[in-house]
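Peer 1: Here it is, the structure in full.
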Amino acid sequence: MIYYAIPLRSKHTSNNWNNVCSQLKSTIESIHISGGEYSIIIAGHEKPDFLEDIAENISFIQATIPIPKNQQGYMLDKMSKKILAKNKILSTAKPGDLFMFFDADDLVAKSFYTDISKTFNENPAIDDIALYSGYVFDYNRKKISHLDGKSKIFYKNCGSCFISKISELDIIEFDSDNSFFSSLKDHTKFPTSSIAYGRSFVALKAPITCYIVNHGSNDSAERVGTKEIELFVDQHICKDNFLLENFRSQFSNELF
């Protein structure tokens, strides 16, 4: 079983709630297509209408924290919702289950679950997987970038980047501020946390996750600006035909 913890921004902090819901729906669909046994826990202030008729393995947790009034409060709001989803998952999960924080607008590849399961099975001693490579898709301009894991590392740029094997201790300490999962606050330091807690991780270079940007509801664009995001995409534009074909086969054609 793999658990996905997804924080969802509030309707009142979004310029286009319908777009937020549409992106979340695409995220869920990509997880479903990827297959395997999974459970998705979404934490947010408002429950999207489409979740009323969703499958039993998708749950919504009502956030009771105040809705942030400005951009300065967005990251704290997101972290609080991640904690809500994380605690819910770890209070019901079993040792050996997998866990991943995932943003509400990113996508997993069709082979994601298979690739992750294979990596853990072939490396039984590891506790975590860090995604070093991945795609970035400029939704507005329909441009595809590739972070190759060398010149640019995926986990340092996207929060949907780290998969952990849940241990018995993780379950016992699920709500402790000193636990491993509570240390996962800054995605750029996730592997460092793994090592600090005596865990081991493997760097996965296969691009099996896609960071969606410039769709009108990105926290990142609001923090650093659309021009900066577009420059980032252009600097790492994908020109490799094999990678471009891989992207189109692994991710939904609805992006185009």
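The values are calculated or read from the model by the stated rules, or taken from the named source; none is laboratory data. Everything numeric here is computed off the predicted structure, so don't read it as measured data. Every residue, glycine as well, gets a Cβ built from its backbone with ideal geometry; the counts of neighbours run over all protein chains shown. Just so you know, the surface numbers come from the protein's heavy atoms only, side chains and all, with ligands and any DNA or RNA stripped out. Shrake-Rupley method; radii C 1.70, N 1.55, O 1.52, S 1.80 Å.
Peer 1: Expressed as a whole percentage, what fraction of the accessible surface of the chain belongs to carbon and sulfur atoms when a 1.4 Å probe is rolled over the protein heavy atoms?
Peer 2: Carbon and sulfur together cover 49 percent of it.
Peer 1: Which value, in Å² and to the nearest 10, is the accessible area of THR92 when all protein chains are kept and the probe is 1.4 Å?
Peer 2: 80
Peer 1: Right, something else. What value does the chain have for Rg/Rh, both radii from Cα atoms and Rh as Kirkwood defines it?
Peer 2: So for the chain, dividing Rg by the Kirkwood Rh gives 0.93.
Peer 1: Calculated FRET efficiency, LEU243 and GLU29, Cβ-Cβ r, R0 22 Å, to nearest 0.05?
Peer 2: 0.45
Peer 1: Which sequence of TYR3, TYR135, TYR197 reflects their accessible areas, 1.4 Å probe, from the largest down?
Peer 2: If we order TYR3, TYR135, TYR197 from most to least accessible, we get TYR197, TYR3, TYR135.
Peer 1: Excluding ASN87 itself, calculate the net charge of residues whose Cβ lies under 13 Å from the Cβ of ASN87, where each Lys or Arg counts +1 and each Asp or Glu counts -1.
Peer 2: Value of the local net charge: 0.
Peer 1: Kirkwood hydrodynamic radius, segment 66-127, all distinct C-alpha pairs: what's the number in Å?
Peer 2: One decimal place: 14.4 Å for the Kirkwood radius.
Peer 1: Could you please report the charge total around ASP127, scoring K, R as +1 and D, E as -1 over all other residues with beta-carbon less than 14 angstrom from its beta-carbon?
Peer 2: -2
Peer 1: On to the next question. For segment 40-180, what is the convex hull (Cα atoms) projected area averaged across all directions, in square nanometres?
Peer 2: Projected over every direction and averaged, the Cα hull of segment 40-180 covers 11.0 nm².
Peer 1: Distance check, please: which entries in LYS150/LYS205; LYS110/LYS189; LYS11/LYS82; LYS47/LYS78 exceed 21 angstrom between their Cα atoms?
Peer 2: Table pairs above 21 Å Cα-Cα are LYS110/LYS189.
Peer 1: Tell me the label-point distance for the pair LYS69, ASN121, using the 7 Å Cα-to-Cβ offset, in nm and rounded to one decimal.
Peer 2: The answer from the label model is 5.4 nm.
Peer 1: Write down the accessible area per residue of the chain in Å², having rolled a 1.4 Å probe over the full set of protein chains.
Peer 2: Here the per-residue accessible area is 47 Å².
Peer 1: Across the Cα atoms of segment 110-240, what radius of gyration and what greatest pairwise Cα-Cα distance (Dmax) are found, in Å?
Peer 2: For segment 110-240, the Cα-based Rg and Dmax read 16.1, 47 Å.
Peer 1: Would you tell me the accessible area of MET1, worked out with a 1.4 angstrom probe on the heavy atoms of the protein chains, in Å² to the nearest 10?
Peer 2: Solvent-accessible area, nearest 10 Å²: 60 Å².
Peer 1: Please list 3J(HN,Hα) in residue order for segment 11-28, calculated via the Karplus relation 6.51 cos²θ - 1.76 cosθ + 1.60 where θ = phi - 60°; whole Hz, with x for glycine and proline.
Peer 2: Running phi through 6.51 cos²θ - 1.76 cosθ + 1.60 with θ = phi - 60° gives 4, 7, 10, 10, 7, 8, 5, 4, 5, 4, 5, 5, 5, 4, 4, 5, 4, 4 Hz.
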